[in-house]
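Structure first, commentary second.
The values are calculated or read from the model by the stated rules, or taken from the named source; none is laboratory data. This is a predicted model, so every value here is computed, not measured. FYI the Cβ positions are ideal-geometry reconstructions off the backbone, even for glycines, and counts take in every protein chain you see.
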Amino acid sequence: MIKRYSDHAANERTYLAWLRTALAIIAFGFIIERFDLLLHNLNKVIGKLDPEHISNSGRDLGLTLVAIGLVIMTLATWRFLRTYRLLKTEGEEPFRPHLVVALGTLLIMIALVVIFYISRLMFLAG
């Protein structure tokens, strides 16, 4: 039997949840980038918006989300390995919520930027 198996399994589940979240952010960034390309192509065909009103903000936002997803994957891997090491050595470390609060704040900021981006597109198209 593996010592502290339930703790190791919980650590692995947490790690996989962070990876799943990071992959979702990366996929969302990719979708936004592709949607921006679609808007550029539709504007060429339809010509409803002036070319100076169209920016590359969707591409920039999509690439930023992909980069943030990669950073979250890196931090999740670091946290998993640190917790694994602590479980192996049976060491104790005080709980520090700084990383969780920082990532939560980052996700809230991402949501606000996406809302702003989508509302801006709806305003320009309307």
Taking first residues from the stretch 95-118 that are part of a helix (DSSP H, G or I) and second residues anywhere that are surrounded by 12 or more Cβ atoms within 10 Å (Cβ to Cβ), the pairs with Cβ under 6 Å that are 6 or more apart or on different chains are 117/61
Answer yes or no as to whether residue 75 is modelled with pLDDT under 80 and surrounded by 11 or more Cβ atoms within 10 Å (Cβ to Cβ).
-> no
Output for Cβ contacts, cut-off 7 Å, separation at least six or different chains, first residue in contact (Cβ under 8 Å) with a residue 40 or more places away in the chain in the stretch 1-18, second assigned to a helix (DSSP H, G or I) and of a type in the set (Gly, Ala, Ser), reads 15/76; 18/76
Among the residues of the stretch 84-126, the number that are over 21 Å from residue 60 (Cα atoms) and either among the aliphatic types (A, V, I, L, M) or modelled with pLDDT of 80 or more (or both) is 13
Q) Any residue in the stretch 25-40 that is hydrophobic (A, V, I, L, M, F, W, C), more than 30 Å from residue 119 (Cβ to Cβ), at pLDDT 80 or above and assigned to a helix (DSSP H, G or I)? A) no
